[in-house]
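Visitor: Before we start, here is the structure in question, set down as structure tokens.
The values are calculated or read from the model by the stated rules, or taken from the named source; none is laboratory data. The shown structure was predicted, so the numbers you read here are calculated from the model rather than taken from an experiment. So basically every Cβ, Gly included, is an ideal-geometry build from the backbone, and we count neighbours across all protein chains shown. For accessibility, only protein heavy atoms count, side chains too; no ligands or nucleic acids. Shrake-Rupley method; radii C 1.70, N 1.55, O 1.52, S 1.80 Å.
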Amino acid sequence: MFKIGEHVVHPGQGVCTVMGFRDDTPQPMILLEAKSGHAKTIMMYPMAQSDRLHPTISREDAEHLLENYADIKCDDYTERNSSLEESHFKQQLKLGAPETVRVAKTMIKRIQDAEAADKKPSSYYMRVLKEAKRRSIEEFAVALGVSEDDAEHRLAAAQAALN
């Protein structure tokens, strides 16, 4: 069971903070605070589905991911249409890091490959990349105990080291 103040990864929202518990409803609920962009949202999540929530990565895992960014393999999943591919990658985002980092790296590579071939990248690449980066940065910030800006700079530095 989670504790008040603990950070968890919600499959639909990304990083959330456990704010409390409600037993006065027909089914017990976990109160979660999600932060997406500048807005914060309080939501109730069924305690019966708490197995779909998981803790954020540890500081050690976050450091290891950043230090070994070059070793992260891109996801080579392809499908007959972009909608099915997008669904695959959105499912991966629900897992939290390291999958969010892998998806972001994959989208960056696909965009670069398309541009190198003088093609316009699929529009879903940018949508998925934006969400993968947001979730990765939120989780790195919590794991490392830094601001999201600092986490974004650390991730950008790891990405830049590839070039």
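Visitor: Grab the beta carbon distance between Lys130 and Met44, set R0 = 22 Å, and tell me the FRET efficiency rounded to 0.05.
Guide: About 0.20, to the nearest 0.05.
Visitor: With θ set to phi - 60°, apply the Karplus curve 6.51 cos²θ - 1.76 cosθ + 1.60 along region 130-146 and write out the HN-Hα couplings as whole Hz, x wherever there is a Gly or Pro.
Guide: Here the 3J(HN,Hα) series is 4, 5, 5, 5, 4, 5, 4, 5, 4, 6, 4, 4, 5, 5, 8, x, 10 Hz.
Visitor: Identify all aspartates and glutamates with a Cα-Cα distance to Lys40 below 14 Å; exclude those on the same chain that are fewer than 8 residues away in sequence.
Guide: Glu138
Visitor: Let me ask something else about it. Near the amide H of Ala97, under 5 Å away, which other amide H atoms are found, from residues 5 or more places off or on another chain, if H is placed in the peptide plane?
Guide: Ile57
Visitor: Which trypsin sites (Lys or Arg not before Pro) in region 1-62 sit in a loop by DSSP (not H, G, I, E or B) and have at most 15 other Cβ atoms within 10 Å of their own Cβ?
Guide: Answer in residue order: Lys3.
Visitor: Please express the Cα-Cα pair-distance distribution P(r) of region 1-146 as a list of whole percents, one per 10 Å bin, running from 0 to the bin with the greatest distance.
Guide: Reading the bins upward from 0: 11, 37, 31, 16, 5, 1.
Visitor: Okay, moving on. Measuring from label point to label point, each 7 Å out along Cα→Cβ, what is the Asn81 to Asp118 span in nm?
Guide: Computed distance between label sites Asn81 and Asp118 equals 3.0 nm.
Visitor: Could you report the chain's accessible area per residue, 1.4 Å probe, as an integer in Å²?
Guide: 57 Å²
Visitor: Sort 93-100, 23-30 by the packing proxy (mean of other Cβ within 10 Å over each peptide's residues), most packed first. Mind showing how you got there, number by number?
Guide: Values: 93-100: 20.1, 23-30: 12.1.
Peptide ranking by packing, descending: 93-100, 23-30.
Visitor: For the chain, give the percent of accessible area contributed by carbon and sulfur heavy atoms, probe 1.4 Å, rounded to a whole number.
Guide: Answer for the chain is 52 percent, counting heavy atoms of protein chains only.
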